[in-house]
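The values are calculated or read from the model by the stated rules, or taken from the named source; none is laboratory data. These numbers were taken from a predicted model, which means no experiment stands behind them. With ideal geometry, Cβ positions are generated from the backbone for all residues, glycine too; neighbour counts draw on all protein chains shown.
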């Protein structure tokens, strides 16, 4: 598949992960998928498993949830961009005519939010809409409203629409860039899944380029950058997660250090107790002496009375 021009990272940029590890993980993943039995392949078709490749990101500190996801550009698009649907604020016919005037020919259908709400109310109709198009784009001004209208059907299939700025001067370039992007949504937990490729549509070289490029771009989109990134994994829907990168920033302390510090704190506490006991000893002796003196005085008084009698 032809590569698209995107934000490119310089080849000499220093990154904490090893490219060799990413290459080995992709090879292992493709090897595992090629060894599937006929029964497993039929099962994948039954459950509509399209074998997308996912980059799993885990962070140390969960960021605040944003209304819109972050767009991650990829050098090789995994979207089958033959059938593209655009959801807009204005009426569909008006927007489609305006896009044609600006040279946009990649959009097959334009649906307004009003029409989406009226004609696609049920679960079955939304599922039917989902099956008609390869990619869904959305006017970024109405993005939260569109997500609410589409509901769980799109989220379960990981087919969240890509936000597009339709007010951009060169809207054709904006749409083409969006079609070759993947989405990063954070804030719902420490882990996020980013779609970076398709086994059916891409070869090993393209998957490797997408994975490395995404791992370079994502830290710039995450609050805290590389310091906040705990690990990266690679997987498909039904495979195990293969490690790509693990942060060594937060090293656990040695047990010996902990035990010695604990012992020192215990020693301090015992010393304090001993000191308090020593201070209390003379007080106890004084009280005891006073009691003895009082009892002695009482006994002397009694003896005097008896002697007088």
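Quick check: anything in segment 150-162 modelled with pLDDT of 90 or more and out of contact with any helix residue (DSSP H, G or I) (no Cβ under 9 Å at 6 or more places or on another chain)?
No, that holds for no residue.
What number of residues within segment 78-112 satisfy the criterion of being in a loop (DSSP other than H, G, I, E, B), closer than 18 Å to residue 167 by Cα and free of Cβ contacts under 8 Å to residues at least 40 places away in the same chain?
The number of residues fulfilling the criteria is 3.
Of everything in segment 222-246 that's under 20 Å from residue 72 (Cβ atoms) and assigned to a loop (DSSP other than H, G, I, E, B), which residue is nearest to the chain's Cα centre (by Cα)?
222
Only one residue in 115, 108, 68, 89 is within 21 Å of residue 168 (Cβ to Cβ), in contact with a helix residue (DSSP H, G or I) (Cβ under 8 Å, 6 or more places away or on another chain), surrounded by fewer than 20 Cβ atoms within 10 Å (Cβ to Cβ) and modelled with pLDDT of 90 or more. Which one?
Every option except 89 fails the conditions.
Using the structure shown, decide if residue 193 is touching a residue at least 60 places away in the same chain (Cβ under 8 Å), surrounded by 15 or more Cβ atoms within 10 Å (Cβ to Cβ) and in a helix (DSSP H, G or I).
So residue 193 does not fit the description; no.
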